[in-house]
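Contents: one structure, followed by commentary.
Every number here is computed from the coordinates shown, using simple stated rules; none is lab data. Quick caveat: nothing in here was measured; it's all calculated off a predicted structure. Using ideal geometry, Cβ is built from the backbone for each residue, glycine included, and neighbour counts are taken over all protein chains shown.
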Amino acid sequence: VTAATPPIVLAIGGSDSGAGAGIQADLKAIAANGGYAATAITAVTAQNTLGVRSVHPLPIDVVEAQIEAVLADLRVDAIKTGYLGRAEVVLAVATALDPSLPLVVDPVMVNSAGSRIVDDATVDAYRDVLASLATVLTPNFREAGILSGIEVTDVETMEAAGLRIARMSGAAVLVTGGHLATENAVDILVVGERSSRHEVERIASSNVHGTGCSTASAIATRLASGRSPSEAYDDVRPWLLNAISGSAGWRIGSGQGPIDHFGWSAASRSAQPTDPLTL
Ligand code: PXL
């Protein structure tokens, strides 16, 4: 802990009233990684751990006004985008953001059931405009399939999709495979022409809502403090695994709960009886 100004990350995305995903996950992931989060809300969702009940997009000028207000004053070091919704918003955000800053684009295109939630024009806006402004893109394997046009069914096709998206965009690409039906969970990271596979044993937990949002925001925070995309990924991975295992036993609601962003469970496991705080 120092008295220096923390790195500042602007998160642009939707509000999740259940606070597992979306902007609420961004706030926690950025704070947990040592950053100060500013936000621009694109939509208000009514949802809980059981699912999304409704989505209320905000007018585009309201989205733009938030981004402009933050960038006009706060000393933003990196930007992260999450749920944008439709092509007009993707294009407005691409125009409003500061192209000199590191940008993490989490191309939210499927819901947690795996169904596509964006139309073709929105996919085109991501692929043709926002992706080429990105420093890091963080599609899950289904989104990687949509962006690349490659049907992703296993680790090999996930890697092919990541390589193609990296070539199309010029961005580093993290394809997250946590939801792919493989024995271990595999992520693919493509930086330039090089791809690497990162495999971990699965953690048994149904509380993984917001993992994608949180990963992208954590990476943005590391980029904001001057780390490269692969350093950022290396930093974020142990934090994320700890956050997933930490909430495995939580019951926030009766459906899919959030991850343990602040590592509370690990902190309580390691507390000793001699710890002055617990005496
Ligand atoms: O994790 C994708 C996502 C992004 N943004 C909002 C969400 C979700 C998933 O539920 O609710 C607002």
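Data overview
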{"read-out": "Single match in Gly145, Gly114, Gly82 (criterion: touching an Asp or Glu at 6+ places or on another chain (Cβ under 7 Å) and either among the β-branched types (Val, Ile, Thr) or over 24 Å from Ala38 (Cβ atoms) (or both))", "value": "Gly145"}
{"read-out": "Filter pass, Ile41 being within 16 Å of the ligand (Cβ to nearest atom), more than 17 Å from His209 (Cβ to Cβ) and not in a loop (DSSP other than H, G, I, E, B)", "value": "yes"}
{"read-out": "Given (1) within 16 Å of the ligand (Cβ to nearest atom); (2) aliphatic (A, V, I, L, M); (3) in contact with a helix residue (DSSP H, G or I) (Cβ under 8 Å, 6 or more places away or on another chain); (4) under 21 Å from Ala87 (Cα atoms), index of the condition Ile117 fails", "value": "(3)"}
{"read-out": "Residues of the range 148-164 classified as aliphatic (A, V, I, L, M) and surrounded by fewer than 24 Cβ atoms within 10 Å (Cβ to Cβ), total", "value": "4"}
{"read-out": "Test: residue in the range 11-32 that is more than 16 Å from the ligand (Cβ to nearest atom), within 17 Å of the chain's Cα centre (by Cα) and over 17 Å from Thr211 (Cβ atoms)", "value": "no"}
{"read-out": "Residue among Thr42, Thr49 that is of a type in the set (S, T, N, Q) and crowded, with 21+ Cβ neighbours inside 10 Å", "value": "Thr42"}
{"read-out": "The range 171-200: number of residues that are of a type in the set (A, V, I, L, M, F, W, C), in contact with an Asp or Glu (Cβ under 8 Å, 6 or more places away or on another chain) and more than 27 Å from Pro99 (Cα to Cα)", "value": "3"}
